[in-house]
1. Spin-label point model (7 Å from Cα, Cβ direction): what's the residue A:221 to residue A:680 distance in nm?
2. Kindly point out which whole DSSP H helices in chain A project their C-alpha atoms 30 angstrom or further along the helix axis while averaging a Kyte-Doolittle hydropathy of 0.0 or above.
3. Mind jotting down a quarter of the surface of the convex hull over the alpha carbons of the protein assembly as shown, in square nanometres, one decimal?
4. Once you average over the residues of A:720-731, how many Cβ atoms of partner chains fall within 10 Å of each Cβ?
5. Just the number: Rg to Rh for segment A:884-982, Cα atoms, Kirkwood Rh, two decimals.
6. Hey, which of these cross-link pairs are over 24 Å Cα-Cα: A:465/B:53; A:677/A:869; A:53/A:421?
7. Take the Cα of residue A:853, step 7 Å along the line toward its Cβ, and report every residue of segment A:881-908 whose backbone nitrogen sits under 18 Å from that point.
8. With labels modelled as points extended 7 Å from the Cα through the Cβ direction, what inter-label distance (nm, one decimal) is found for residue A:469 paired with residue A:266?
Amino acid sequence: MSGARRIPGAGLLAGAPPVSFCFDGHRHTGVAGESLAAALIANGERVVARSFKYHRPRGVMGIGNEEPGALVTIARPTGDEPNVRATTVELYDGLEARGQNAWPSVRFDLTAVNDVLSPLFPAGFYYKTFMEPVSAWPFYERMIRRIAGLGEVPRVADREIYTSTHAHADILVAGGGAAGLQAALIAARAGARVILADENPWFGLGLLGETATIDGLPAHDWAREVGKELAQFENVTLLKRTSVAGRYEQGFVILCQNLRDAPPAAGDPMPRWRLWKLRVKQTIIATGAIERPLLFANNDRPGVMTTSAAVGYLDRYGVLVGGRIMVAAGDDAAHDAAARLARAGAQVTVVDSRDSGSRIALEAGASVEWRARAVNTRGRAGVTTVRIEGSAGHRWVPADIVATSGGWSPALHLYAQTGGKPVWDDTRQMFIPGTTEQGAVTVGACNGTFDLGAALGEATSAAVKVCEAIRLTAAARSPVAENSHDTAGAGQWSEVRGRKRCFVDIQNDVTVADLDLAVQEGYRSIEHVKRYTTLGMGTDQGKLGNVNGVKAIAEARGEAMSAVGTTRFRPPYVPLPMGVVAAHLSPDQHHPMRRTAAHQLHEAAGCVWLNAGAWLRPQFYRRGGETDLEAVNREVLAVRRNVGLVDVSTLGKIEIAGPDTITFLNRVYTNGWSTLKVGMGRYGLMLREDGIVFDDGVTMRLGEQHFVMSTTSSGAGAVYEWLTMLLETRWRDLRVTLMPVTEQWFAAALAGPKAREVLGRVAEGFEVSNDAFPFMGGRVGRVAGIPARVFRISFSGELSYEINVPADRGEELWTALLDAGRPEEMAPYGLESMGVLRLEKGHFVIGREAEGRTNPYDIGLGRMVSTKKWFVGKEALDFPEMKNPRRRQLVGVVPANKTERLPSSAHLVLPEAPDKVGGSQGWVASMAWSPTLDHDIALALVEGGHARTGERLLAYAPIAGKKVAVDLVAPHFYDPDGGRQSG
Amino acid sequence: MLLISCPFCGERPEDEFGFGGDASVRHQGGGDGTEPASVEQYADYLYLRDNPKGRHAEYWVHRYGCRRWLVAERDTVTHEIFSVKSASEGGTG
């Protein structure tokens, strides 16, 4: 029995309607708006979850985002939500929650055998145990995943609604306690644009039960009045239920706002979470402090909680956490809390490690024992008795709650995220801000200032200074706090006994013994100990446990706290729902999708779409009941025997103008450009500075000083960026201007033996005969009445014309060309068919055969590398490795038995040693069925491949379980002399 | 996220920009082949970079803006940006 109960009329929600909720199949009644944790405590549910490693029972230990143990899964119609801290979800009618990490239930968990076996699970257990044999790793992984882990990944897509927003402000105030409210008020009155964010549904929660008054008002009433005043300002935005999750450089801040917890009513568009991306000039950090737990044996049992949480449930929700409460105090704040708990009717015992202190608890009816500590607990499903060690010796005392006051840890997370350095204050035994951070200032408890009056004064002067920094004049009026005092004291540390059952990190089951062991094994840096033991690596990020961890490590190393220091604080301060990061964007909205000008016509023609980089492109056009392969075969054969039409708008296009363009082209391409005549084009090969193939394409000379460069579709952006960098940083003397025009043009290519006849019907202003318009020629004129640039270039290996027209006339051109090709029954073809055509020709593709490690020699383009001039990457081609004969080189691959199909994604291995580790000779980069040749063909990169044609290897695809004998051949399968494209 | 003041477009968030590396690195080979570099010099140029703590001149390209190259002087520890100018006026690469 917990002895917990509701105190009628107490708390902020007195009068709120009752609601029904369900925990682990048990139906309970709670109060709308209270936290699930409060409702669970009030209903006597002590065991809320099981722990990560040992499956020990876990109850509620905190009251907010610091909660390490009470993790539940909330069942929702939009998909279950795991790892929800019961302390942060607001109760709504019909809420259904389950405890986590237990089977079959948190009350009776069979996997709790881990706890009995815990001597077998020391720090680094997983690293040490599951090493050999390697073949058993998949088994180990399944086993570990079943036993360990937090919650369960939902099996259905999340259907909740999320949103995000950008905003700007002069001043962000993080935290709506006394200091934050005061700072916001000063800034608001000065006319600054202020955003005040607090993670709770109320401001000033820390002032509940405060004995001091502010400007004559009870402290929390003052907070309420300030909140009301702030709401009147047009220049102030108040954000409750909003965590400041991350601070980044130059005033960039991420806020996560909870808009509702209840599932949406049908048709309600209100999102659940909103992500704020803020840019602010100044940030006032008033995030308060978190009470530190105490280290003693079995300090993880349900019923052990921080004193501030224990009294917080009373002050906020009117829930008395237990009937018999043991307060393990080390400062006067704990006595204030004990007094309130006693007045509410609990039987309270205070053990205080100090010699003397506040009498307030004693006067409220609590029994107080000085120079005494809590050292151990007992109780199967929660604390029933506590062991006390005092001047009178040891004894067990009945209690259902142990409220611990270890001292306070300023919440330095936001301060430190951008590089602020916490320092150890030995007098007060806490980490406080050390260096000052640019654009940010800490005030109040998070700055180590616990006296209410002093905190208000600090907030006032900080706000005035911050306003001055943004050229606003603020009045420095600070409210008067009476009867305020520094209640935080220096805290206390337990003398730890039974280090094995003494938990530092409640969520990850890290004990003092684990930290001792890690230090013993040679881990010294706190960052290393953290990763080895998983200290502070849970969803709570060690908000409660980390400072205790530093203390334990300092003791184990025999050094001062300051020598150990803290781990690096990184955003986010609280776990962000994945959904709020994606926000309202559906999967197809995560990057812009580019469509060519003829998109609608392709769609109408029944094309199958393919996501090709940033573009949506027709893969092929299906007719009737054709299979994919049948459609592609038809399209390929039409190009080989007749004529086809393909949309090539996606190719990058850069206009180049200027008298030095030939010099420029000579520098950026490996081959020579000095002899290029007006009206002709040339294929160019572009390298990176390290000699690796970067891009290729045809540049056409349209006029004496006017060129248009064609790049690969995927390289269009990167090539333009690289060329402008060269011109802007290195070659400023070159008179060359670039203009990226990919989107300004629509381009279609006619390809096939009948292409000339089709073009002849619509060409105006230029001749199409072979003599008048030779291969690699470029003409400017009209096609079907549309101003056009026509290039006679070929990727398919057939006679081919690429027709470029202004993008807004793309549909018109596409329709006119199909009309002109009616006598030939010309049909469009897609990217897949283009791939087969180029493969038959043996053309390499950037990203396939040229794959980021490939140089020109590897793909048989040594003849493109000029020896007469300099070009980008030339020096690197002189590296000895670049001409190593064992490099992976481009070869053709055909099945030894032509009726056999090649496996996709195959490695090529030696037939005599197919399974030899490291025995791969190379791999298939592209493969396809060639309808022209009637068998499979492939291009492959093979070690020393150029000298190995005629060799027989095995194409081995272990995942598909296929091995096929193949022959290495020259990479040109079709028309190797190129007669078809130039005739 | 950095806030970069593009001399052509004004203050813009970092995600509009692309990073272009150390702007103080001088191309071995003169940048146009006029000063032949040894294999060792060129390999150093390609692969070795300092990782300075503090002020650092670096290239950024305003990829989703004016598409111009810029030289920003940034503190690698605090991320403070001291100056941003057009690359055609600064940088020695």
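The values are calculated or read from the model by the stated rules, or taken from the named source; none is laboratory data. In this text the structure is predicted, and so the values were computed from the model without any measurement. Cβ placement follows ideal geometry from the backbone for every residue including glycine, while neighbour counts extend to all protein chains displayed. All accessible areas refer to the heavy atoms of the entire protein, side chains included, with ligands and DNA or RNA removed. Shrake-Rupley method; radii C 1.70, N 1.55, O 1.52, S 1.80 Å.
1. A separation of 9.6 nm, rounded to one decimal place.
2. none
3. 48.9 nm²
4. The shielding value for this peptide is 6.
5. That ratio equals 0.98.
6. A:465/B:53; A:53/A:421
7. A:881-891, A:905-908
8. With each label placed 7 Å out from Cα toward Cβ, I get 5.3 nm.
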